[in-house]
Every structure is written in C-alpha cells, then in structure tokens.
Amino acid sequence: MLISARGGSYGPGAPNHGFDYVVPTTEAVLGREELLGLDVATVVPELTMAPHTPSLAELLPMHEASMADAHDRARELAATMATPTAA
C-alpha cells in the first residue's frame, strides 16, 4: 500500500491540477511488470495543511472529505491483506 499525503491538492479544480509527478512515477516503478511488478494500491489524503493554514480554511470541508475517504480506503485495503496464521 502506497500512502502519499499532501498538504495541498493536485486534483481537478486545484491550482496545481495535473502536477503530481511523485505518485504516478512511484506507481509505475513499483507496479509495472517489467520493473518491480508489485501489486500497488494507493491512498492519497489531500489538503492535510488546511486545518493548520489560515489561507486554506475555506478548503476544510474538502480536507475532511479527503481524509474520510483515505481512511475508508486504507481500511478496505487492510482487510484484503493476508495475515499469516500460526503453524
């Protein structure tokens, strides 16, 4: 599981929309069969600085929704991970 928290946002409507080069590159290196070929699932909570930065205060609802979605996604992914059993 790849978790990439960001203080701002690269999503649609954000001033930096489309400028996320870290997550796609990391997903490619980890997940492409001809590279490492790992099973990669990504969780990206955005606007994590909104509660701490007055200029982002109007984005608090988006931050809260993003955090809730990220927590839900992490729980879903954790539930699918195999756990070793005692022999």
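Since every read-out is calculated from the coordinates, none of them should be taken as a lab result. This is a predicted model, so every value here is computed, not measured. A quick note on method: Cβ atoms are made from the backbone with ideal geometry, for glycine too, and the neighbour counts reach across all protein chains shown.
Its relative contact order, with pairs defined as Cα atoms under 8 Å and 6+ residues apart, puts the chain at 28 percent. On the principal axes of its alpha-carbon atoms, the chain has extents of 53, 32, 17 Å, going from largest to smallest. Rounded to the nearest whole Hz, the Karplus-based 3J(HN,Hα) values (6.51 cos²θ - 1.76 cosθ + 1.60, θ = phi - 60°) of segment 43-48 follow the sequence 10, 10, x, 10, 6, 5, with x at glycine and proline. Using only side-chain charges placed at the Cβ, +1 for Lys and Arg and -1 for Asp and Glu, the dipole size of the chain relative to its Cα centre rounds to 160 debye.
If exposed GluC sites (Glu not before Pro) are those in a DSSP loop with at most 12 other Cβ within 10 Å, what is the longest stretch of the chain that has none?
Details: sites that count: Glu33, Glu34.
The answer is 35-87.
Roughly how large, in nm² to one decimal, is the mean projection of the convex hull of the alpha-carbon atoms in segment 1-50?
Value for segment 1-50: 3.6 nm².
Selection among His17, Thr48, Ala65 by position relative to the dipole of segment 2-80 gives Thr48 as farthest towards the positive end (Cβ unit charges, Cα centre). Using 0.36 nm per residue, how much length does the chain from Thr25 to Ile3 gain when fully extended, once their Cα-Cα distance is taken away? Contour length minus Cα-Cα distance gives 6.6 nm.
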